[in-house]
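Chemist: Please read through the structure below; I'll follow up with questions.
Every number in this text was worked out from the coordinates using simple rules, so none of it is lab data. None of the values given here were measured: they were computed from a predicted structure. Here the Cβ positions follow ideal geometry from the backbone for every residue, glycine too, while neighbour counts run over all protein chains shown.
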Amino acid sequence: MKKNRKNGFTMLEILVALALLVVIVGLSAFLYARAARLRKLITYQNNVQNVLNSMITEINFGSRNTIGLQYAYDINKDVQNPCYELGFYDSVNKETVFYLISPGMNSGQPASPPTTDTDTTLWQAKRTNPGVPARNSGEWKLIDANKAVVLVSGTGFTYYKSTTSAGLQPIDNLSVDTPVAVEITLHGKTTDPSLKTRPVTTAKIRVRPKNKLPF
């Protein structure tokens, strides 16, 4: 006489299946979170690099409203804050264009003296009158209008003189030597608080004004 077999799963089989399901779902969630994090980091890196490159391009080639350093005739030296201030003469528009690396992103005007502080950014001012505009003059505007990137330590301008023996050399004393080239170095990080521990992104270029000999 044959015994009737019951259809269905035993309790042990159900528990094993549930355990496997939990493992699969957990692994899938982990991989998805990791992929999302990786995408965010890649996006962060690209965004910061794009903003820094746009700053370099603005200084180097200018915009529709001004001619850049690539087409300038003279570098205007500032012996007080040479690392953070850059000026050049635009002979077409008959004006001087100034760039300033300074905190003040959140206040709407550059701080004095310029440093690389918690909300440092790149500022631009244009004027036909002599002298650097005052910090509170209202003439300074943010290059990074979206406030997406903060500039950090190591950002600055390095001026160079021309020597017959060694070519271009960094200037030690701007009161004595005339700059013929400038190296622009921008170190930036995103203003996104969740990514504040990410490595710094860098953009750098060295430029001579139009009337100077090429490198």
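Chemist: Which of 77/141; 126/210; 77/196 have a Cα-Cα distance over 29 Å?
Modeler: Result: 77/196 exceed 29 Å.
Chemist: Could you work out which residue, out of 52, 186, 18, moves most in a Gaussian network model of the chain, that is, has the largest mean-square fluctuation with Cα springs under 10 Å?
Modeler: 18
Chemist: Suppose every K and R has +1 on its Cβ and every D and E has -1 on its Cβ; what is the size of the dipole of the chain about the Cα centre, in Debye to the nearest 20?
Modeler: 1560 debye
Chemist: Sorted from largest down, give the three principal axis spans of the alpha carbons of segment 139-203, whole angstrom values.
Modeler: 50, 32, 15 Å, listed from the longest principal axis down.
Chemist: From the residues 72, 178, 54, which one has its Cα farthest along the dipole of segment 43-207 in the positive direction, the dipole being from +1 and -1 charges on Cβ of Lys/Arg and Asp/Glu about the Cα centre?
Modeler: 54
Chemist: Another question, then. Return the tail of the calculated pair distribution for the chain, meaning the percent of Cα-Cα pairs more than 33 Å apart.
Modeler: 34 percent
Chemist: Then there's this: In nm, to one decimal, how far is the modelled label at residue 36 from the one at residue 126, with both set 7 Å along Cα→Cβ?
Modeler: So the two model labels end up 4.4 nm from each other.
Chemist: How many nm is it between the label spots at residue 13 and residue 166, if each spot is 7 Å from the Cα in line with the beta carbon?
Modeler: It is 8.4 nm.
Chemist: Which of 90, 119 has the fewest other C-beta atoms within 10 Å, and how do the rest follow up to the most?
Modeler: So the residues, fewest neighbours to most, are 119, 90.
Chemist: Another question, if that's okay. Which of the trypsin sites (Lys or Arg not before Pro) found in segment 78-158 are in a DSSP loop and have at most 13 neighbouring Cβ atoms, other than their own, within 10 Å?
Modeler: Within segment 78-158, the qualifying trypsin sites (Lys or Arg not before Pro) (loop, at most 13 other Cβ atoms within 10 Å) are 94, 147.
Chemist: When all C-alpha to C-alpha distances in segment 96-156 are sorted into bins of 5 Å, what percent of pairs does each bin hold, rounded to whole numbers?
Modeler: Whole-percent P(r) values from 0 Å outward: 4, 21, 32, 24, 14, 5, 1.
Chemist: Mind checking the dipole of segment 120-215: about its Cα centre, +1 per Lys or Arg Cβ, -1 per Asp or Glu Cβ, Debye to the nearest 20?
Modeler: The calculation lands at about 240 debye.
Chemist: Find how much the distance from residue 54 to residue 80 grows on full extension, using 0.36 nm per residue of separation minus their present alpha carbon separation; answer in nm with one decimal.
Modeler: Value of the extension gain: 6.7 nm.
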